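Novice: This is the structure I want to talk about, given as structure tokens.
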Amino acid sequence: MGKYFGTDGFRGEANVTLTVEHAYKVGRFLGWYFSKDHTCKVAIGKDTRRSSYMFEYSLVAGLTASGADVYLLHVTTTPSVSYVVRTEDFDIGIMISASHNPFYDNGIKIINDKGEKMTEDVITEIEAYIDGEMGEIPFATREKVGRTTDYVMGRNRYVGYLISLATRSYKGIKVGLDCANGSSWSIAKNIFDALGAKTYVINNEPNGLNINTGCGSTHIEALQKYVVDNGLDVGFAYDGDADRCIAVDENGNVVDGDLILYICGLYMKERGMLDTNTVVTTVMSNLGLYKAFDIAGINYEKTSVGDKYVYENMSNNGHRLGGEQSGHIIFSKYATTGDGILTSLKIMEVMLEKKESLGKLVSPVEIYPQLLKNVRVKSKPDARNDEDVKAVIARVEGELGTDGRVLVRESGTEPLLRVMVEAKTDELCGKYVDEIVAVLEQKGHIIG
């Protein structure tokens, strides 16, 4: 990770830690860097945050001033930007979004011409330019100045692509969607309607300030209640830019990314579609998932947290399925990023082809209780490397043995340590998390 860009782009509070000047400079650099021997083509999408318009205009000004042509997808999902870039001869894509963060945050995600997250060497150069370490970049002049084009058709092609992937009609299926007042609000319902579902939607009235507020994949309780109250067959919740999906079964139970990996991995194995017989997970995945994979004869690999690392592993090793507990699921045959709507369509495929409810499909997995506490700290490295903190972690690991585990890691986008304990009971999880947090507090690492 760099000074500005973390595992999921340049993210911060709008006009506080991520400003219009930052966005302009990012645009200036990218337009110059990719227009050295031809006119660079850039696709830009944004989510529904109020500040997304401001950053869009700043990026466009920087890009066109450096000679790039910009194609505006307007409000759309992150995976749609990735799809458009890799299928329609763009040099780069930019998504303006802070994903699941509150409305006052925003972010700049940069996608390369393969639809993947931008390589680290380019990110390093962008940061050097932002910090004034590489001098001035020349402006484009006369006929070299870039132009901007409305490109809603790119988003529409993505919608058509997703519809084409469905294997059966959804007629008669009652589906609930929580759009998080974000990017999926104008896309997801249209797809499910086109496939014949009886679609019920909540949180699809964005006003620029309500994205992710008490809704979406990070506040799944809203969809749980909605599915039960309306007698729905299944529900899907997305985050602000719709690269995540968390499902709810017919009984209102949460089906997180781990359970999605299980049902899709097993289905793909049964049908000979799980090349390498391996599913890629992160270190946050539950012990219960791995035990279920062992029983099913499915291999697994673990990466650092971040769909970026999951995809790198998949790409390097030819794996077809991978993802995170948080709902970033990657089907590498169809996409190069996590895609919430695609994930929900793949879950529907498993349900319809196997003629089983979502609750029945996930029933073989016994999930271990897991508690995660986000602790805001003054310095992530100082807190993580404190000898007393290391000692309490080692002690807890020893007491848990093979019946649980501890994971303390730094957030890639926020000043947080994420303290997670997995154990046989909720009580043990709470006890051990509190003990670790208490040492962090005693040593003066915690803010406030």
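Each value in this text was obtained by applying a stated rule to the coordinates, not by laboratory testing. Nothing here was measured: the structure is a model prediction, and the numbers come from that model. Every residue, glycine as well, gets a Cβ built from its backbone with ideal geometry; the counts of neighbours run over all protein chains shown.
Novice: Any idea how far the Cα center of segment 293-372 sits from the one of segment 99-173, in Å?
Specialist: If we compute the Cα centre of each part, the gap is 24 Å.
Novice: Taking the simple approach of a point 7 Å from Cα along Cα-to-Cβ for both Asp434 and Glu21, what is their distance in nm?
Specialist: Distance between the two pseudo-spin positions: 4.7 nm.
Novice: Separate question: Distance cut-off 28 Å, Cα to Cα: go down the list Lys225/Lys360; Lys25/Lys443; Lys346/Lys431; Lys198/Lys355; Lys3/Lys390; Lys302/Lys390 and report the pairs above it. Provide the component values of the computation, followed by the final result.
Specialist: On the way: Lys225/Lys360 19 Å; Lys25/Lys443 39 Å; Lys346/Lys431 38 Å; Lys198/Lys355 18 Å; Lys3/Lys390 26 Å; Lys302/Lys390 22 Å.
Checking Cα-Cα distances, Lys25/Lys443; Lys346/Lys431 exceed 28 Å.
Novice: Using a Förster distance of 35 angstrom, determine the FRET efficiency expected from the C-beta separation of Glu349 and Tyr104, and round it to 0.05.
Specialist: 0.40
Novice: Counting other C-beta atoms within 10 Å, and keeping those with at most 14, which DSSP coil trypsin sites (Lys or Arg not before Pro) do you find in segment 366-428? Before the final figure, lay out the partial values.
Specialist: On the way: sites: Lys373, Arg376, Lys378, Arg384, Lys390, Arg395, Arg405, Arg409, Arg418, Lys424; in loops: Lys378, Lys424.
Passing both the DSSP loop test and the Cβ count: Lys378, Lys424.
Novice: Nearest 5 percent is fine: what portion of the DSSP beta bridges confined to the chain is antiparallel?
Specialist: Among the beta bridges of the chain, antiparallel pairing accounts for roughly 50 percent.
Novice: Let me ask you something else. Considering only DSSP beta bridges with both partners in segment 259-356, what is the antiparallel share in %, to the nearest 5?
Specialist: Of the beta bridges lying entirely in segment 259-356, close to 30 percent run antiparallel.
Novice: Another one. Measure off 7 Å from each Cα along the Cα-to-Cβ vector at Arg395 and Leu209, then give the distance between these two points in nanometres to one decimal.
Specialist: Here the modelled spin labels are 4.8 nm apart.
Novice: Which shape class, rounded, prolate or oblate, goes with segment 335-434 when its Cα gyration tensor gives a ≥ b ≥ c as root eigenvalues, a/c under 1.5 marks rounded, and past that a/b bigger than b/c marks prolate?
Specialist: Oblate, because a/c is 1.5 or more while a/b does not exceed b/c.
Novice: Could you tell me how far the Cα centroid of segment 432-448 sits from the Cα centroid of segment 174-191, in Å?
Specialist: 40 Å
Novice: Still on this structure, please answer the following. Say R0 is 22 Å: what FRET efficiency, to the nearest 0.05, do Tyr334 and Asp89 get from their beta-carbon distance?
Specialist: 0.70
Novice: Here's a follow-up. How big is the dipole moment of the chain about its Cα centre under a simple scheme where the beta carbon of each Lys and Arg is +1, that of each Asp and Glu is -1, and everything else is neutral? Debye, nearest 20, please.
Specialist: Approximately 880 debye in magnitude.
Novice: Could I ask something else about it? Show me the trypsin sites (Lys or Arg not before Pro) within segment 20-115 that DSSP assigns to loop and that have at most 14 other Cβ atoms within 10 Å of their Cβ.
Specialist: Sparse-neighbourhood loop trypsin sites (Lys or Arg not before Pro): Lys36, Lys114.
Novice: For mean projected area of the Cα convex hull in nm², one of [x] 19.5; [y] 21.4; [z] 22.5 was computed from the structure I shared and the rest are decoys. Which label?
Specialist: [y]
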